[in-house]
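Scroll down for the structure; my scribbles are underneath it.
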Amino acid sequence: MIDTHAHVHDPQFDDDREATIARARAAGVETIVTIGCDVADSERAIRTAETYGLLATIGIHPHEAKDAPGDIAAAFDALRAGAGVPIVAIGETGLDYHYNHSPAEDQRRVLRDQIAYARAVALPVVFHQREAYDDFVAILRETWDRATMRGVIHCFTGDAEQARTFVDEFGMLLGIGGVITFKTAEGLREAVRAVGLQAIVMETDCPYLAPIPYRGKRNEPAFVLESASAVAAVLGIERAAVLAATTATATRFFNL
Ligand SMILES: [Zn+2]
Ligand SMILES: [Zn+2]
């Protein structure tokens, strides 16, 4: 089992990171991808991955776009050169117009730069999209080459039509996490049924978005099993089948 999107290097785990990772492994989560959100955070992700045997990504979250380095490629090259663990993807990158912590124009520029970098170095991309669907899809239509690129829409919470666009038009995967367990998420459950098991991977986005029955508490990689159970119920299959298929998909996606 792979938690394809975690922030295990987050300060919320400073007091019990080792125990948290041990709980994940005991629950059968052998692989954790810890996700970078700006240059300094990506550096922390790499150091944490080195210490605990995790995988890391490097990226600039749309919230942090306004503080992105002028030359993102040079900054990413330096991070990769200094990494003692595999850097398995670029991101999270994308657009978030919900909070607008960075101006939309900065978000779009930094997204384009990261897609270009991922294409140049042949790494997959981890996308974050919130309340920016139209602009996001417009940029993908200009920049995305589904024949040569791999992408995942992490924490996908859209409807069936958006799900089909990402999967059928762009050849992407959907990252499914704690939201699938929420009572109000019927649209998301319909989206999962629309694209099917082969188009999804499992994630926590911990320490955020804990699934039921942990909702409101700090999330952690072991809880990915709760979301996998919810996916199994949605699709009417055994949880073991969800774990096997999504693990195989994630293994191919990150080229492990
Ligand atoms: Zn995100
Ligand atoms: Zn995240």
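The values are calculated or read from the model by the stated rules, or taken from the named source; none is laboratory data. Bear in mind the structure is a predicted one, so any value in this text is a computation, not a measurement. With ideal geometry, Cβ positions are generated from the backbone for all residues, glycine too; neighbour counts draw on all protein chains shown. SASA here: full protein model, heavy atoms, side chains in, ligands and nucleic acids out. Shrake-Rupley method; radii C 1.70, N 1.55, O 1.52, S 1.80 Å.
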- Query: Mind checking which residues of segment 1-31 are within 16 Å of ligand 1 (Cβ to nearest atom) and of a type in the set (A, V, I, L, M)?
  - Reply: 6, 8
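Looking only at segment 88-103, how many residues end up being of a type outside the set (A, V, I, L, M), away from ligand 1 (no atom under 12 Å from the Cβ) and at pLDDT 95 or above? Let's see the steps before the verdict.
Quick first cut of segment 88-103, residues of a type outside the set (A, V, I, L, M) only: 91-94, 96-103.
Of the ones still in play, those that are also away from ligand 1 (no atom under 12 Å from the Cβ) are 97, 100-103.
Cutting the leftovers down to at pLDDT 95 or above gives us 97, 101-103.
Matching residues across segment 88-103 total 4.
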- Message: Can you list residue pairs whose Cβ atoms sit under 6 Å apart, with the first residue in segment 13-28 being within 20 Å of residue 247 (Cα to Cα) and the second being assigned to a helix (DSSP H, G or I) and open to solvent by 30 Å² or more (accessible area, probe 1.4 Å)? Count only pairs 6 or more apart in sequence or on different chains.
- Response: 21/52
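Among 113, 77, 159, which is acidic (Asp, Glu), open to solvent by 10 Å² or more (accessible area, probe 1.4 Å) and closer than 27 Å to residue 182 by Cβ?
Values: 113 fails: closer than 27 Å to residue 182 by Cβ; 77 fails: closer than 27 Å to residue 182 by Cβ.
Step by step, each of 113, 77, 159 is checked, and only 159 is acidic (Asp, Glu), open to solvent by 10 Å² or more (accessible area, probe 1.4 Å) and closer than 27 Å to residue 182 by Cβ.
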- Could you tell me which residue of segment 126-139 is surrounded by the fewest Cβ atoms within 10 Å (Cβ to Cβ), considering only residues that are out of contact with any Ser or Thr (no Cβ under 9 Å at 6 or more places or on another chain) and of a type in the set (A, V, I, L, M, F, W, C)? 138
- Give just the number: which of (1) more than 20 Å from residue 88 (Cβ to Cβ); (2) open to solvent by less than 10 Å² (accessible area, probe 1.4 Å); (3) among the polar types (S, T, N, Q) does residue 165 not satisfy? (2)
- Say whether the condition of being within 16 Å of ligand 2 (Cβ to nearest atom), modelled with pLDDT of 95 or more and polar (S, T, N, Q) is met by at least one residue in segment 160-181. no
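Report yes if residue 32 is within 16 Å of ligand 2 (Cβ to nearest atom), buried (at least 16 other Cβ atoms within 10 Å of the Cβ) and either under 17 Å from the mean Cα position of the chain (by Cα) or at pLDDT 95 or above (or both), otherwise no. Please lay out each step first, then the result.
Values: within 16 Å of ligand 2 (Cβ to nearest atom): yes; buried (at least 16 other Cβ atoms within 10 Å of the Cβ): yes; either under 17 Å from the mean Cα position of the chain (by Cα) or at pLDDT 95 or above (or both): yes.
Yes, satisfied.
Answer yes or no as to whether residue 154 is farther than 19 Å from residue 235 by Cβ, buried (at least 21 other Cβ atoms within 10 Å of the Cβ) and in contact with a Phe, Trp or Tyr (Cβ under 7 Å, 6 or more places away or on another chain).
Numbers: farther than 19 Å from residue 235 by Cβ: yes; buried (at least 21 other Cβ atoms within 10 Å of the Cβ): yes; in contact with a Phe, Trp or Tyr (Cβ under 7 Å, 6 or more places away or on another chain): yes.
Taking the combined requirement at face value, the residue satisfies it.
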- Query: If you scan segment 10-40, which residues turn out to be outside any helix (DSSP H, G or I), more than 23 Å from residue 110 (Cα to Cα) and not charged (D, E, K, R)?
  - Reply: 27, 28, 29, 31, 32
- Does residue 228 qualify as being touching a residue at least 60 places away in the same chain (Cβ under 8 Å), aliphatic (A, V, I, L, M) and away from ligand 1 (no atom under 16 Å from the Cβ)? yes
- Message: Being at negative phi, of a type in the set (Ser, Thr, Tyr) and away from ligand 2 (no atom under 16 Å from the Cβ): is that true of residue 51 here?
- Response: yes
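To keep it simple, each residue is scored yes or no on (1) over 17 Å from residue 1 (Cα atoms); (2) touching a helix residue (DSSP H, G or I) at 6+ places or on another chain (Cβ under 6 Å); (3) not in a helix (DSSP H, G or I).
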residue: 194; (1), (2), (3): yes, yes, no
residue: 205; (1), (2), (3): no, no, yes
residue: 208; (1), (2), (3): yes, no, yes
residue: 214; (1), (2), (3): yes, yes, yes
residue: 222; (1), (2), (3): no, yes, no
residue: 227; (1), (2), (3): no, yes, no
residue: 230; (1), (2), (3): no, yes, no
residue: 234; (1), (2), (3): yes, yes, no
residue: 244; (1), (2), (3): no, no, no
